[in-house]
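Structure, as structure tokens:
Here, each number is a calculation from the coordinates, and none is a lab measurement. Remember, predicted model here, so these are calculated numbers, not experimental data. Backbone-built Cβ (ideal geometry, glycine too); neighbour counts: all protein chains shown.
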Amino acid sequence: MLVTWRYRERGSFLETFDPRARWFFSFFVLFSIVFFWDIRILLGFFGLVVFQYILSKLTWKETRRAWIFMLFFIVIIVGLNALISGRAGPPSVLQGTHTYWEGSLKVPLINWTIRINLTMEKVFFAITQIVRMLSMAMLFMIIPFTIDPRTYGITFSGMGLPDRVAFTMDLAFRFVPTLARDFVTTLDAQKARGYEVERIEGGIISQLRKLAPLVVPVTMGAIVNGEDITNAMDLRCFGIRKRTWIDALQYRTRDYVMIASGGLIFATSFFVKVVLNYGSFWMPEWFLNLVPI
Amino acid sequence: MEKKTLWQFGTREVVYSAIGAALYGVFSWATNFLALPAAGNISLRPAVAIPMFFGIAFGPWVGFLSGFVGNMLGDFLSGYGFWWAWDLGNGLMGLIPGLIAGSITSFKDGKSILLAEVFVIIGALIGMLVPSLLEIPLSGIDINTALIGYFLPAGLSNTINGLILVPILMVAYDAVAARSGR
């Protein structure tokens, strides 16, 4: 079994951009989304993110697991917030009077009764939340699939991170396949000695302690090897001068355009929200009239 | 020879941050994809002990980067995207136990292990509290949802994982540290 990165060359238009430009753009858009709770504006961002997703040429098969993870969390958190808790959001949501459903839930064992007052305002706020959270998640979901892991070191160095931190990231990405191989070798070796990983039983504490025969040898082996790597790097005078990288990244016109677009989106969002004070929670009148009578 | 300080970040720290991050990423991936018992039970995430232990053994920066970059790697390997607030929280979970790195004399000494356990608890709780609270402005949830939906499950399970696995790793590392003379 091999550990594999999600990245592969897809020949998509998105891959032709410098990874630094893509990170800058993504952060600009992320911080722009954070300004707004107006679903009309958020749908604009959602459209932009969906457009980016289409450009990435990702398939359902590749991303199915990520989608399930993302949707599960969004549904759980929004559901918890809207139904059980329901104290988030602007006053117009909290003081909403258009009750859609009212009831109570009794928590077994502790006999705790939770009163649920689901108003149309809360329902629309939950819809807005889903659009907003989905936009933020999708914005970054494509990153591991569309940026070559070999370029992370040079990318973050080029974005202003100190050399040593950028090199840490670069090394970490390089160590993953080796350590994954060591993990699988250790797993096989322990199985050969009668260790039945599939049948670890007992309580949480007991189960965790029984994982030690896997976790300890891999970790200690990596630490021992780390000494040799440190010595080799020291002998080559690592960190004495600013380092060079084997790959070079070069901004092209399209990258400047992408960064400028991100900057423009952020500046406009800042102006709209902070100066014009526009973009707070909004709900159409017709939605309130959907309350069953 | 230059005197070692708690916050130094030289070649050794670069290498061990990278190893810690890669291990965290690999163990997270293994928990997600292998038929480990932990995989069926989302409350068990043994990988979180790695940044905590690396912080204690090699200092706060190593702990922070192991957690931050390691969580990022785990998400990248699983294809989950980039969740910067949770990467930051995982970084803090390694950084805080790392604050005692300078005061550890022996990794199998009872007092050192007890001190490490205290900082593991603080690290796990603060490390998961920060991203949970950051989700309030990011996702528009209230404090109850942040605490019940994010902080409690993540904070408690990470504390238990750390409390059990970190001492095991510390005792095992004691022999390695003695052999390497560091």
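Before moving on, here are some points about what is shown:
- Length-normalised contact order for chain B - Cα pairs under 8 Å, 6+ apart - percent: 22
- In degrees, nearest ten, helix A:212-235 long axis to first principal axis of chain A (Cα): 60
- Given +1 at the Cβ of Lys and Arg, -1 at the Cβ of Asp and Glu and no other charges, the dipole of region B:11-179 around its Cα centre is 380 debye to the nearest 20.
- The charge dipole of the protein assembly as shown, taken about its Cα centre with unit charges on the Cβ atoms of Lys, Arg (+1), Asp and Glu (-1) only, comes to about 400 debye.
- Ranking of A:THR113, A:THR119 by count of other Cβ atoms within 10 Å, fewest first: A:THR113, A:THR119
- When both region B:77-155 and region A:152-226 are represented by their alpha-carbon centers, they are found 19 Å apart.
- Entry for region A:1-59 at q = 0.12, 0.14 Å⁻¹: log10 I(q)/I(0) = -0.40, -0.52, Debye formula applied to identical alpha-carbon scatterers, no solvent contribution.
- Footprinting exposure proxy for A:ILE110, A:ILE143 (fewest neighbouring C-beta atoms within 10 Å first): A:ILE110, A:ILE143
- Gyration tensor over the Cα atoms of region B:11-179: the corresponding equivalent ellipsoid has semi-axes (square roots of 5 times the eigenvalues, largest first) of 25, 17, 15 Å.
- Listed from fewest to most Cβ neighbours within 10 Å, the set B:TRP29, A:TRP5 follows the order A:TRP5, B:TRP29.
- Across A:ILE142, A:ILE68, A:ILE77, mean-square fluctuation computed from a Gaussian network of chain A (C-alpha pairs under 10 Å connected) peaks at A:ILE68.
- For the residues of A:139-148, the average number of beta carbons from a partner chain within 10 Å of their own beta carbon is 4.
- With 20 Å bins beginning at zero, the pair-distance distribution over Cα atoms of the protein assembly as shown amounts to 22, 52, 24, 2, 0 %.
- For the residues of B:5-12, the average number of beta carbons from a partner chain within 10 Å of their own beta carbon is 4.
- Ranked packing of A:152-158, B:98-104, most packed first, by mean Cβ within 10 Å: A:152-158, B:98-104
- Computed Kirkwood radius, in angstrom, where 1/r is averaged over Cα pairs of region A:102-171: 16.6
- Diffusion constant of region A:145-255 at 20 °C, which comes from Stokes-Einstein with the Kirkwood Cα-pair radius and 1.002 mPa s, µm²/s: 124
- In this structure, the amide hydrogen of A:TYR100, modeled 1.01 Å from its nitrogen in the peptide plane, lies closer than 5 angstrom to those of A:LEU118, A:THR119, A:MET120, counting only residues at least 5 positions away or on a different chain.
- Cα centre as origin, Lys/Arg/Asp/Glu Cβ charges: region A:1-57 dipole, Debye: 140
- Projecting the Cα positions of B:ALA57, B:ILE160, B:VAL69 onto the charge dipole of region B:11-179 (unit charges on Cβ atoms of Lys, Arg, Asp and Glu, taken about the Cα centre) puts B:ALA57 furthest along the positive direction.
- Peptide A:223-236 - average C-beta neighbours from other chains (10 Å radius): 5
- Cα Rg, Dmax, region B:109-176, angstrom units: 15.0, 49
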